[in-house]
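Contents: one structure, followed by commentary.
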There are 2 protein chains.
Amino acid sequence: MDDMILVSIDDHMVEPPDMYDNHVPDKYRDLVPKVVHNAETGVDEWEFAGNKSSTPFGMAATVGWPKDEWGFNPGSYTELRPGCFDVHERVRDMDANGVLGSMNFPTMAGFNARTFSEAGDKDTALVALRAYNDWAIDEWCGAHPDRFIPLGLVPMWDVDLAVAEVHRIGAKGCRSVSFLETPHVQGFPSFLSGYWDPMLAAMCDENMVLSLHIGAGFDVIRRPDEAPVDHLMVLACQISAITAQDLLFGPTLRRFPDLRIALSEGGIGWIPFYFDRIDRHFQNQSWLHERDDFGGKLPSEVFREHILACFITDPSGLLLRDRIGLDIIAWECDYPHTDTTWPESPEFAWNEFQEASCTDDEIHKITWENACRFFDWDPFRHTAREDATVAALRARAEQAQVDVTRMPRAEWKIRNEAAGVGVTS
Amino acid sequence: MDDMILVSIDDHMVEPPDMYDNHVPDKYRDLVPKVVHNAETGVDEWEFAGNKSSTPFGMAATVGWPKDEWGFNPGSYTELRPGCFDVHERVRDMDANGVLGSMNFPTMAGFNARTFSEAGDKDTALVALRAYNDWAIDEWCGAHPDRFIPLGLVPMWDVDLAVAEVHRIGAKGCRSVSFLETPHVQGFPSFLSGYWDPMLAAMCDENMVLSLHIGAGFDVIRRPDEAPVDHLMVLACQISAITAQDLLFGPTLRRFPDLRIALSEGGIGWIPFYFDRIDRHFQNQSWLHERDDFGGKLPSEVFREHILACFITDPSGLLLRDRIGLDIIAWECDYPHTDTTWPESPEFAWNEFQEASCTDDEIHKITWENACRFFDWDPFRHTAREDATVAALRARAEQAQVDVTRMPRAEWKIRNEAAGVGVTS
């Protein structure tokens, strides 16, 4: 366990209140998103284009709290574990969890830049989106290039702008774009429509990965009015099969042989069943397809050429790893969401690997090799391999006295306010 | 393989044109569904309440045809293999496939009596629905009570009428009701609403199984406009997880401890992943649930107490049968649909069992014991066990010279017309 190297391609940052300070021209300073503290309720809110959102300060950042304080009641930056929004604290938390590398999805901005897509003033929206990318890539990841895989967003409201943004962020080393898993459900053209093809071509040109995080496409399921919140949490990863179906039986993957897609947090246990189904379907329903519709391959083979499947915990999927394909499975951490295994990720993952009788070689593929190859991110560019292990990083955290204790929100508030951390006045 | 006993709880009949002859009062004779032969196109159509449907005569009955003739172009009874619509021929086809017992879903009537639910004249619709049940239970199954598990329909437009129909068909030995997997998607109240509770209570009283066949709920997925027909065929069994979620995290299963539900054709390979997810969710998101929300059990345990999971071919699922539960898995045949393995079902199933290293005891559970217990149908009431095996039934078919050759539709037409079979004039 101590010798594992962990690279997580699905974590999240809560954007800090000063994120725009260095990245927008003066004339936009009052127009881009800003944090407003509601003194009456004690809640921090992001304000943009007339809308207020407090979601980043509740369920999206529970990592420091005891479970009985989880819930949908929002709060303030001061109530959060600082690793949620402070990149240097984040690195300390990664050390404590033995995690070498991490790719971070946005919170305020939305997995697919929804906050900007929904704004009426598209001029400002584009400035705000680009500034988000500049902050995320240059400032957050740039502060620790040895630890972060840069992920950007594209303006979904205009594919030409999206193409330009892919090239712009690609040029500065961004490795991936976060996008909607089922764009048609949010009123955008579907993957099958061909509308996004210029953007996908640009991503191939820039050698970047399309990351489709679960949750964004949840409305692809028409759920009963009475459905409890469990539905969202349980079924979100079932949607990855629907996404894969759109990509595989639509023209997308076949049209772009070099396109690489990560199904972030989609899990892996659904894949053997899906593969059985699509290969049997393709062979049995031969009246629907020409033999070379998939280039002489089975649909599952085309899937394997394009897709990286990512999981936090997935004991059944690991048992059938051979049927999935050992080169398309990647582990993830999901800090600071409720599903994260922080700060015991090494123990959690190791136990699952042992239960599934994974070999050391298989574990290395799953915990870092597959992700690093897929995202073309060299983990040892800045870090010697012997310093990249769980044991080495945890030793550093111990020396730095990183405290991983879960504490009540009220306790965080007292400590953070005393230290002047996350105070928004 | 020869010693296997096969009981399939998912096959289909194409209702014959004379189905209503013995089951409706004279004054309704012209009002209930009837078959009309279009001499110009050569297509048979069911006419009811001003609507015409030819779907029963194409994709729903491909069993006799070579694959290059599969497709959505409808035809006539005479083009079908007679086992689709003639119960005595069906039994011969079951013999040839080594299948002892079978439960048959309707075609013209719709899995959930849709044909009757959509009719404006609900008086006639109820007469037609009850007559369907009388025909299906008394005439089709009644002709060979040793071979068929009776399945009925309920009027979905009125839960009180549904309760009455459950009791009426229960009294004459019906073992199951076919119902919508996601009723809310078709504009009916959801399972979570409680609306169906009186009917579910009646089913428990009558010791009947609720059978939820895939396909009926396909619109639960908002698919792209451009989605090919593959989507329906591939994703239909993914919907069983959504159905299970409605039943398990809604109050239904917990409110009716005796309720038994079969997820017909839903497959089994999705279940280990789903179990991993729901049990982890329940334990991890403890703020959402009291410890005894599932009666002190895990959600997967409650699933196992209520649900029978049914598959045609499912190699990955069989490998993880222990994680699913050996007592909740049942094999099925799906005659006469495109996915059926007829007439090589024994070979097909046996190979999969061998690949998964199933023991004889496990095979017996999966091929007949679980289904017979769940549907409370005794396969040996009319048939001695030694006469119930694949070998015994196939020997009978050989003696009776059952020909299983696939033939072009035109060839069937010539043969059937010559024999006066399925001719609708």
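The numbers here are math on the coordinates, done by the rules we state, and not lab data. Fair warning: this is a prediction, and the values are worked out from it, not measured in the lab. Here the Cβ is made from the backbone with ideal geometry for all residues, glycine too, and neighbour counts use every protein chain on show.
Tabulated data for the structure shown
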item: Span per principal axis, largest first, for the Cα atoms of segment A:112-240 (Å); result: 46, 32, 29
item: Computed P(r) (all Cα pairs; segment B:172-241; 5 Å bins; percent); result: 3, 15, 22, 20, 16, 11, 7, 4, 2, 0
item: Orientation-averaged projected area, Cα convex hull of segment A:368-425 (nm²); result: 6.7 nm²
item: Zero-based 10 Å bins, Cα pair distances in segment A:76-139, whole percents; result: 18, 41, 31, 9, 1
item: Nitroxide proxy distance, nm - points 7 Å out along Cα→Cβ at B:ASP68 and B:ASP360; result: 4.5 nm
item: Per-residue mean of C-beta atoms belonging to partner chains within 10 Å, peptide A:196-209; result: 0
item: Assigned charges on the beta-carbon of Lys, Arg, Asp, Glu; the protein assembly as shown dipole about Cα centre (debye); result: 600 debye
item: Partner chain coverage, peptide B:276-288 - average Cβ within 10 angstrom; result: 6
item: Whole-number percent relative contact order across chain B, with pairs defined as alpha carbons under 8 Å at least 6 apart; result: 25 percent
item: Ellipsoid semi-axes in whole angstrom, largest first, where each is sqrt(5λ) of the Cα gyration tensor of chain A; result: 33, 27, 20
item: Distances in nm from B:ASP293 to the matching label points in the other copies, shortest first (labels 7 Å along Cα to Cβ); result: 4.1
item: Projected label distance in nm at B:ALA49 and B:ALA410, using a 7 Å step from Cα toward the beta-carbon; result: 4.0 nm
item: Using θ = phi - 60° and Karplus 6.51 cos²θ - 1.76 cosθ + 1.60, couplings along segment A:104-117 (whole Hz; Gly, Pro as x); result: 10, 8, x, 10, 3, 6, x, 3, 10, 6, 4, 4, 7, 5
item: For segment B:300-321 and segment A:186-236, distance of Cα centres in Å; result: 29 Å
item: Cβ-defined net charge surrounding B:ALA49, 14 Å radius [Lys, Arg +1; Asp, Glu -1]; result: -2
item: Table column - 3J(HN,Hα) (Hz), segment A:278-289, Karplus curve with 6.51, -1.76, 1.60, x for Gly and Pro; result: 5, 6, 4, 4, 4, 7, 6, 8, 5, 5, 8, 10
item: Semi-axis lengths, Å, segment B:112-181, gyration tensor of Cα atoms, sqrt of 5 times eigenvalues; result: 21, 12, 10
item: Highest-fluctuation residue, B:THR243, B:THR389, B:THR405 considered, GNM on chain B with Cα pairs under 10 Å; result: B:THR405
item: Cut-off 10 Å between beta-carbons: net charge of the residues surrounding A:ALA61, Lys and Arg +1, Asp and Glu -1; result: 0
item: Segment B:275-320 - convex hull of alpha carbons, volume per residue in Å³; result: 79 Å³
item: Mean shadow area of the protein assembly as shown, taken as a quarter of the surface of its Cα convex hull (nm²); result: 36.7 nm²
item: Cβ-Cβ FRET estimate between A:ALA201 and A:ASP158, R0 fixed at 22 Å, reported to 0.05; result: 0.90
item: Average partner coverage of A:307-316, which counts Cβ from other chains inside 10 Å; result: 3
item: Environment charge of B:HIS231, counting only residues whose C-beta is closer than 14 Å and scoring Lys/Arg +1, Asp/Glu -1; result: -2
item: Calculated FRET value between A:THR41 and A:ALA400, using beta carbons and R₀ = 41 Å, to 0.05; result: 0.70
item: Rounded to the nearest 20 debye, dipole of segment A:1-85 from Cβ charges on Lys, Arg, Asp, Glu; result: 280 debye
item: Compactness relative to 2.2 N^0.38 Å, alpha carbon Rg of segment A:1-85; result: 1.32
item: 5 Å binning of all Cα-Cα separations within segment A:321-425, expressed as whole percents from 0 upward; result: 2, 9, 13, 19, 19, 13, 9, 8, 5, 2, 0
item: Karplus-derived 3J(HN,Hα), 6.51/-1.76/1.60, for each residue of segment B:378-392, Hz, glycine and proline x; result: 8, x, 9, 5, 10, 10, 5, 4, 5, 8, 9, 7, 3, 4, 5
item: Cα-derived Rg to Rh of segment B:296-378, Kirkwood definition; result: 0.98
item: Across the identical copies, how the B:GLY120 labels are spaced - nm, sorted shortest first, 7 Å along Cα→Cβ; result: 4.5
item: Largest to smallest principal axis extent of the C-alpha atoms in segment A:341-383, angstrom; result: 31, 23, 16
item: Among B:LEU161, B:LEU318, B:LEU259: highest mean-square fluctuation, GNM of chain B, C-alpha pairs under 10 Å; result: B:LEU161
item: Top of B:ASP158, B:ASP123, B:ASP339 by mean-square fluctuation, Gaussian network on chain B, Cα under 10 Å; result: B:ASP123
item: Lysines whose Cα lies under 22 Å from that of B:LYS122, excluding same-chain neighbours fewer than 8 positions away; result: B:LYS27, B:LYS34, B:LYS52
item: Distant-in-sequence amide H partners of B:GLY98 (H built 1.01 Å from N, under 5 Å); result: B:ARG394
item: Nm distances between copies for B:ASP160, ranked from closest, using label points 7 Å along Cα→Cβ; result: 6.4
item: Span per principal axis, largest first, for the Cα atoms of segment A:118-158 (Å); result: 37, 14, 12
item: Gyration tensor verdict on segment A:212-330 (Cα atoms; rounded if a/c is under 1.5, prolate if a/b is larger than b/c, oblate otherwise); result: prolate
item: Förster radius 41 Å - calculated FRET efficiency between A:ALA171 and A:ARG291, Cβ distance, rounded to 0.05; result: 0.50
